[in-house]
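Peer 1: Take a look at this one; I'll ask things after.
The values are calculated or read from the model by the stated rules, or taken from the named source; none is laboratory data. None of these values were measured; they are calculated from a predicted model. Using ideal geometry, Cβ is built from the backbone for each residue, glycine included, and neighbour counts are taken over all protein chains shown.
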Amino acid sequence: MKNLFIIYTGGTIGMVQDETGTFVPFDFDLIKANLPDLSRLDYKITVHSFDPIIDSSNMNPDIWLQMAELIQTNYALYDGFVILHGSDTMAFTASILSFLLEGLQKPVILSGSQLPIGEIRTDARENMMTALEIASAKHNGMSIIQEVCILFDNKLFRGNRAFKYNSAKFEAFRSPNYPVLVEAGIHLKYNLESLLNNSDKDLVLHNRIDNRVGVLKLFPGIRPETIKAILNADVRSIVMETFGSGNTTTDQWFLDLLKQAIDGGKNIVNISQCKVGSVELGRYETSQGLKAIGVLNGYDMTFEAAVTKLMYLQGETDDQAKVAFWIEKDIRGELTVND
């Protein structure tokens with residue numbers, strides 16, 4: 001019998017409508033009542049419900065650390081872990097857990113739904129049952145999935161490669177820069193070549209997060225005062241969302257502001273506003289100046305991965321140079337270096 005551990009944080013999957021018609025979180029009993037097939041599975045399931053149950057818009061670093069510590073504490077006792085989570089911030093949680101939980105040899109699968117489990121047309125039942133099946137899957141005594149993932153609409157994605165792109169369809173997540181890990185049809189089709197293999201590693205929990213991270217999203221006509229306010233904020237690093245393959249204006253005032261921030265000890269990481277493709281610093285004239293002043297290359301990281309990786313790295317060290325070094329390295333399958 002497989003032992004599975006479910007962490008229930010809340011989210012749409014376990015919501016009910018109150019007297020005003022607003023969806024509010026409910027406890028795990030609602031999910032059990034709408035999933036009679038759970039009793040037919042050859043699994044021993046343990047559930048840990050957060051108190052209070054939250055909407056994922058209220059997710060924060062303290063709860064991320066609680067999840068990571070729960071998994072570490074119960075790691076030896078269970079074959080796999082399923083986290084039921086609201087979809088809005090699921091990609092942030094999946095990304096940070098991938099960094100906090102180094103050397104996973106067991107699956108940590110986040111899932112949820114676009115409609116509550118009590119609704120007639122809900123996607124909750126299929127998402128949850130498929131997540132449990134994949135979380136229990138083994139080959140030659142080892143878990144097939146050895147990383148943090150997101151399961152939604154019959155697809156399993158690497159957690160730090162996915163993002164929510166649609167709030168109106170069951171197909172809520174995409175991972176354009178990395179292949180789907182599992183497709184669930186009549187059979188589960190594993191993309192074995194794309195899976196992480198940590199069979200020679202031991203689990204290491206990292207339990208420090210430094211969330212002093214800012215975001216600078218560029219647009220034509222952005223005012224110098226706006227950029228100054230962001231660059232001068234009390235943060236250690238800034239994720240800069242640029243155009244195309246990492247391009248920005250070449251106006252000298254802009255480059256001077258960035259250089260001043262970098263010279264002052266801040267890291268600036270360049271990721272693209274495009275969802276497909278990668279930053280290629282220096283490919284065009286409009287990004288050559290960025291490379292020259294020390295802007296860092298975020299390659300094809302998602303916004304969620306870039307933000308949470310910085311939080312993780314800053315929690316590991318006070319040395320900004322070390323943060324700068326590791327942000328450009330692939331440490332959990334979160335980026336593809338294209339140099």
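Peer 1: Take the residues of the range 231-246 that are without any contact (Cβ under 8 Å) to a residue 60 or more places away in the chain, of a type outside the set (S, T, N, Q) and part of a loop (DSSP other than H, G, I, E, B): which is surrounded by the fewest Cβ atoms within 10 Å (Cβ to Cβ)?
Peer 2: This residue is D234.
Peer 1: Sticking with this one: Say we look at the range 28-56 and pick out the residues that are part of a loop (DSSP other than H, G, I, E, B) and modelled with pLDDT of 75 or more; which of these is surrounded by the fewest Cβ atoms within 10 Å (Cβ to Cβ)?
Peer 2: Restricting to residues being part of a loop (DSSP other than H, G, I, E, B) and modelled with pLDDT of 75 or more, the top hit is D42.
Peer 1: In the list N198, N211, which residue meets the criterion of being in contact with a Pro (Cβ under 9 Å, 6 or more places away or on another chain), part of a loop (DSSP other than H, G, I, E, B) and of a type in the set (S, T, N, Q)?
Peer 2: Going through N198, N211 in turn, just one is in contact with a Pro (Cβ under 9 Å, 6 or more places away or on another chain), part of a loop (DSSP other than H, G, I, E, B) and of a type in the set (S, T, N, Q): N211.
Peer 1: So, one more: Report yes if L110 is aliphatic (A, V, I, L, M), part of a loop (DSSP other than H, G, I, E, B), within 24 Å of K309 (Cα to Cα) and at pLDDT 95 or above, otherwise no.
Peer 2: no
Peer 1: Conditions: (1) farther than 19 Å from N160 by Cα; (2) surrounded by fewer than 21 Cβ atoms within 10 Å (Cβ to Cβ); (3) among the aliphatic types (A, V, I, L, M). I331 meets all but one. Number of the miss?
Peer 2: The single condition I331 does not satisfy is (1).
Peer 1: Can you tell me which of G282, G315, G264, G333 is over 25 Å from V108 (Cα atoms), modelled with pLDDT of 95 or more and either in contact with a helix residue (DSSP H, G or I) (Cβ under 6 Å, 6 or more places away or on another chain) or not hydroxyl-bearing (S, T, Y) (or both)?
Peer 2: G264
Peer 1: When the residues of the range 72-94 are narrowed to those that are assigned to a helix (DSSP H, G or I) and touching a strand residue (DSSP E or B) at 6+ places or on another chain (Cβ under 8 Å), which ends up surrounded by the fewest Cβ atoms within 10 Å (Cβ to Cβ)?
Peer 2: L77
Peer 1: Go through the range 300-319 and report how many residues are of a type in the set (D, E) and in contact (Cβ under 8 Å) with a residue 60 or more places away in the chain.
Peer 2: Total satisfying the criteria: 3.
Peer 1: Ok, one more. Identify, please: which residue in the range 291-339 is within 13 Å of the chain's Cα centre (by Cα) and not in a helix (DSSP H, G or I) and is, among those, farthest from V279 (Cα to Cα)?
Peer 2: The extreme case among them is R332.
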